[in-house]
1. How much length, in nm to one decimal, is gained on full extension between residue 159 and residue 205, taken as 0.36 nm per residue of separation minus their Cα-Cα distance?
2. Give me the accessible area of residue 343, 1.4 Å probe, in Å² rounded to the nearest 10.
3. List the relative contact order of the chain as a percent without decimals, with contacts defined as Cα pairs under 8 Å and 6+ residues apart.
4. Taking a 1.4 Å probe, which of 189, 58 shows the most accessible area, and what order do the others take after it?
5. Give, in nm to one decimal, the length gained when the segment between residue 324 and residue 169 is fully stretched (0.36 nm per residue of separation minus the Cα-Cα distance).
6. Based on the Cβ-Cβ distance from residue 249 to residue 282, what FRET efficiency comes out when R0 is 30 Å, to the nearest 0.05?
7. Considering only DSSP beta bridges with both partners in the chain, what is the antiparallel share in %, to the nearest 5?
8. Which value, in Å², gives the accessible area per residue of the range 289-359 when a 1.4 Å probe is used on the protein heavy atoms?
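The values are calculated or read from the model by the stated rules, or taken from the named source; none is laboratory data. A quick note: this is a predicted structure, and the numbers were derived from the prediction, not measured. Reconstructed Cβ throughout: ideal geometry from the backbone, glycine too, with neighbour counts over all protein chains shown. Just the protein is used for accessible areas: all its heavy atoms, side chains included, with ligands, DNA and RNA removed. Shrake-Rupley method; radii C 1.70, N 1.55, O 1.52, S 1.80 Å.
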Amino acid sequence: MTLNRQQFLGLTAATTTAAALPVEGSLRGVAGRHGFMFGAAVRSGALIADPRYRALVTHECGLATPEGELKWNAVDADRGYDFHRAEAIQAMLALSGVRLRGHTLVWHNALPRWAELALASPETGRRTLADHIQAVMAAWRGRIDSWDVVNEALDPGEADGMRRSPAFRGVGPDYVEVAFRTARDAAPTAELVYNDYGLEGTDGRSEAKRRALLRLIEQLKSRDTPIDAVGLQAHLSLEQAFDQPSYAAFVRKLSGLGVDIHVTELDVADHSTEAVPVRDRRIADRAEEFLDAVLDTPRARSIMTWGLTDLYSWLNDWGRYYRRDLTPARALPFDASYRPKPMADGIRRAMRGAPSRAA
Ligand code: G3I
């Protein structure tokens, strides 16, 4: 979809009518008063087609991440950059003061076929990696000031904890460092973030992944790699045990390595067959318990959910993540009719209850 001038102006006009200041009690309003940012992953198609969704996003979010529109396979599928879908998001949100986060520059799961081959080759890997980071960050300089530079580089199944991705194979084990150095050169004032998932459980795999993450950040810091923050994705599940004290200790250790902390993709999946109000309550409790553990750290800066309403959740898109009874997931703070759920209250309570920090 390409926006013509008339459509672009239409979108811009639509956003001028939205509230430019956060409304008291909204998630972005509460976040702002307690020194945090709140936001969500958003979809360009839904923002264009669904004015109620657009209004909900601008009301509740101070931050937004394009859910897929800035991924490598979305912007450079055929060797030639095209940012029109991400630009549509920017056009719709900028006038409401919603800031964009960039997701993501290097991710094995979102590579166009040509880049997968080029990255995996020792002859072309480094150049391909650097060219992509430079091109995207230069195009968005001044418009996006925080980037997930590398996403999901860890694999707790490997002895060294590093995923055998195309970039790992072609560039070498130091590709994460190369990516961050390139990113700093490309946009010296942007915040550079490492983002990963699967860190919350009490099982051996989650524990190994937490150790691998601490090791990675420690190594990067010991080599003066320009990394500013870690993104904890937080795709939580009611079926997975969560130990709040040990997770809080992990986050403290992580931030002690000299990085800020962001919750980047919070949602709570469940397969419970209990009544909806019971499920919603348990989902809210889990989100709040998780956030309490993270926000305890003064360096925790922002909370983003992966989608805002259950209507647009990846958990309802992919067959392999469907609930066992095939009813829709209720993983997000607003239901499919845009009504706030207990999870929204849980997020607000966690922000209000966090140790105070400079706003
Ligand atoms: O855009 C095409 C469309 O043209 C086509 O008709 C359709 C048919 O399948 O596919 C569409 O692309 C899909 C895209 O989402 C946009 O909807 C892809 O198939 C699908 O794989 C893609 O899924 C996204 C996934 O990342 C992979 O990029 C999910 O929406 C998105 O929620 C998910 O997000 C990830 C984070 O980036 C990283 N952390 C985990 C998180 C959840 O998996």
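1. On the way: separation 46, 0.36 × 46 = 16.56 nm, distance 1.22 nm.
Length gained, residue 159 through residue 205: 15.3 nm.
2. Ignoring ligands and nucleic acids, residue 343 comes out at about 0 Å².
3. Working: 686 pairs, mean separation 58.3, N = 359.
Worked out over the chain, it gives 16 percent.
4. Working: 189 135, 58 15 Å².
These residues rank, largest area first, as 189, 58.
5. Values: separation 155, 0.36 × 155 = 55.80 nm, distance 3.69 nm.
Stretched fully, the residue 324-residue 169 segment lengthens by 52.1 nm.
6. Working: r = 24 Å, r/R0 = 0.81.
With a Förster radius of 30 Å, E is 0.80.
7. On the way: 2 of 37 bridges.
Restricted to the chain, the bridges split so that about 5 percent are antiparallel.
8. Numbers: 3230 Å² over 71 residues.
Accessible area per residue, the range 289-359: 46 Å².
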